[in-house]
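Visitor: Pasting in a structure now, in structure tokens, and then I'll have a few things to ask.
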Amino acid sequence: MKRFVLFLMIMALLVLQAATFSVEAAEEDLSSPSTEKTKSLTWGRPSNIVDIGLGYLFSMNTCSWAISFPDQNGRGKSALDFKGMSGGMPIVSLDIKHPNSYVSLSIQYGKGQGSNGDGTDSDYLSNALYYQSRFDVSEETAFWTADIQTTFASTSNRRWVFTPFIGWQHNEENVTMTNGLWTTYDGKGTNTPITGLDSRYDFTWNALRVGVKGEWELTGARPSGIVPLRLKSQLALFPYMQYSGRGVWNLRDDYKKDPSFSHEADNWGFLGMNGAISLVYQPLKFLEFEGGGRISYFYIQGGTDTTYFSDNTVYTSTLDEVKALQIGFFLQMTWRF
């Protein structure tokens, strides 16, 4: 279901980007004689120098990881799933632009908390479920992005704007597990409380971003030059990803505590995306309001799991995969200078 929702979001963003080109082409065909050659696309457009935005993101987060290791009858597996963490995050944004938008720097930063989640820890030996526990989950999360971009704009009355960019994205999710309950122990069903559970796992993602931002003017410009209503979209793909995970299992006396184990991976390929679609209302030249939806997805596989035991021995196994999904909506106010 999550992959289906992700696919629909990507397709919707791609369709929106394509629609701006289609509408522009239709306008050119209707408004210009076939014998008249006009320039329909220009590099850059007149712009303010600085945009400062303050917003808030309401989101639902899920994330998971799985490792595998050899056992007596094949391979064992350990998997953790964290679901339903909901919360909010203030977001600050800064755009610094060339006066004609030939080049610009776009930065975002956000930090917040999530709660009311639940998680499962499942261990399989010889392909059979041997241990499983459930617990409550809360998190602290943060991210930042930095993009270098340029701008192309149409010359029609209701312009569309096409902004390709390349940049870097950093995401953190620091998950805390409490109020545990064994549901399977030694292969048998049970409902046994786990006293004193206070473990944590930290997800850290670093990704190369390549993508495009689009903007479509829904109304004509006022005499003041302000276009009051616009539609915006953004799609960034992650062709390269670095991942680092750290776990501290407070009830395992046989594990060290700083950390108990670590996960490392880096891959090239399609390793996730970040997308957004929003409606912008600009009542004044220096002020605009924006609201819309946002999605982020991270995925990596083929890494290394390293466990640190209290007797100073180290055990290495395979990090099969790590995933994280965030879906939410945001509101933002931007001052333009």
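What follows is calculated from the coordinates using simple rules that are stated; it is not laboratory data. Please read all numbers here as calculations on a predicted model, not as lab measurements. Note that we place each Cβ from the backbone using ideal geometry, even for glycine, and neighbour counts take in every protein chain shown.
Visitor: Of the cross-linked pairs Lys83/Lys323; Lys257/Lys323; Lys77/Lys323, which ones have a Cα-Cα span greater than 21 Å in the structure shown?
Guide: On the way: Lys83/Lys323 12 Å; Lys257/Lys323 24 Å; Lys77/Lys323 16 Å.
Too far apart for the 21 Å limit: Lys257/Lys323.
Visitor: So for segment 2-336, what percent of the C-alpha to C-alpha distances run longer than 36 Å? Walk me through the intermediate numbers first.
Guide: Numbers: 18060 of 55945 pairs.
Tail of the P(r) past 36 Å holds 32 percent of the pairs.
Visitor: Further question on the same structure: Around Ile226, with a cut-off of 12 angstrom between Cβ atoms, what is the net charge of the other residues, counting Lys and Arg +1 and Asp and Glu -1? Each step should come with its number before you reach the end.
Guide: Numbers: positive: Arg222, Arg230, Lys285, Arg336; negative: Glu217, Glu288.
Value of the local net charge: +2.
Visitor: Right, next: Thinking of segment 107-170 as a set of Cα atoms, what percent of all their pairs are more than 17 Å apart?
Guide: Values: 1410 of 2016 pairs.
The answer is 70 percent, as a whole percent.
Visitor: Mind jotting down the distance between the C-alpha centroids of segment 112-155 and segment 250-288, whole Å?
Guide: What the calculation gives is 7 Å, centre to centre.
Visitor: In addition: Less than 15 Å Cβ to Cβ from Val280, Lys/Arg counted +1 and Asp/Glu -1: what total charge do the surrounding residues give?
Guide: Working: positive: Arg158, Arg159, Lys213, Arg222, Arg230, Lys232, Lys285, Arg294, Arg336; negative: Asp51, Asp95, Glu215, Glu217, Glu288, Glu290.
Overall, the nearby charge balance is +3.
Visitor: From the helices alone, meaning DSSP H stretches of at least four residues, give me the mean residue ellipticity at 222 nm for the chain, per-run term -39500 (n - 2.57), in deg cm²/dmol to the nearest 500. Before the final figure, lay out the partial values.
Guide: On the way: 1 runs with 30 residues, N = 337.
Helices in the chain give a 222 nm mean residue ellipticity of -3000 deg cm²/dmol.
Visitor: Would you order Asp254, Asp186, Asp136 from fewest to most other beta-carbon atoms within 10 Å of each residue's own beta-carbon? Walk me through the numbers on the way to the answer.
Guide: Details: Asp254 11, Asp186 8, Asp136 16.
In increasing order of surrounding Cβ atoms, one gets Asp186, Asp254, Asp136.
Visitor: Hey, another quick one. Glu172: net charge of surrounding residues, Cβ under 12 Å, Lys/Arg +1, Asp/Glu -1, itself excluded?
Guide: Details: positive: Lys111, Arg246; negative: Glu139, Glu140, Glu173, Asp202.
With Lys, Arg at +1 and Asp, Glu at -1, the net is -2.
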